[in-house]
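Participant: I have a structure I would like to understand better, so I am pasting it below and will then ask my questions one at a time.
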Amino acid sequence: MMMKRVFFDNAATTPLLDEVIQAMEETMRHNNGNPSSIHAEGRKARAAIEQARKQIAKQIGASIGEIFFTSGGTESFEMCGTRSWRATYYQRGHRASLRAAFA
């Protein structure tokens, strides 16, 4: 009997569905502006990002303010770690030391 292969090495890469590849290709071909810019290409890219943010938030039952896009795993991990650390210190009443650390 042939066993089904299961891929568990998602540390640096994850297999993508064909629909995801198509959506990425379409976006990369047609939304190549800087989303921080005010010119037409930038506004188009920003609109695409905000639409993706809304779709993701809706799918997972979150608000759009809870959806952050980062450049990769290291930035994401650091962002979560810093927020977690800050939240822990705020809950324990260490506001003064936390303010000093991030001043």
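The values are calculated or read from the model by the stated rules, or taken from the named source; none is laboratory data. On a predicted model such as this, the values are computed, not experimentally measured, just so you know. All Cβ positions, even for glycine, are placed from backbone atoms using ideal geometry, and neighbour counts span all protein chains on display.
Participant: Just to verify a result, which residue in segment 1-45, among those that are charged (D, E, K, R) and surrounded by 10 or more Cβ atoms within 10 Å (Cβ to Cβ), is nearest to residue 71 (Cα to Cα)?
Facilitator: My answer is 25.
Participant: A further question follows. Residue 49 passes all but one of (1) at pLDDT 90 or above; (2) touching a Phe, Trp or Tyr at 6+ places or on another chain (Cβ under 8 Å); (3) outside any helix (DSSP H, G or I); which number fails?
Facilitator: Residue 49 satisfies all of (1) at pLDDT 90 or above; (2) touching a Phe, Trp or Tyr at 6+ places or on another chain (Cβ under 8 Å); (3) outside any helix (DSSP H, G or I) except (3).
One line per residue, one yes/no per condition, for (1) assigned to a helix (DSSP H, G or I); (2) closer than 25 Å to residue 74 by Cβ; (3) of a type in the set (A, V, I, L, M, F, W, C):
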| residue | (1), (2), (3) |
| --- | --- |
| 25 | yes, no, no |
| 28 | yes, yes, yes |
| 45 | yes, yes, yes |
| 53 | yes, yes, no |
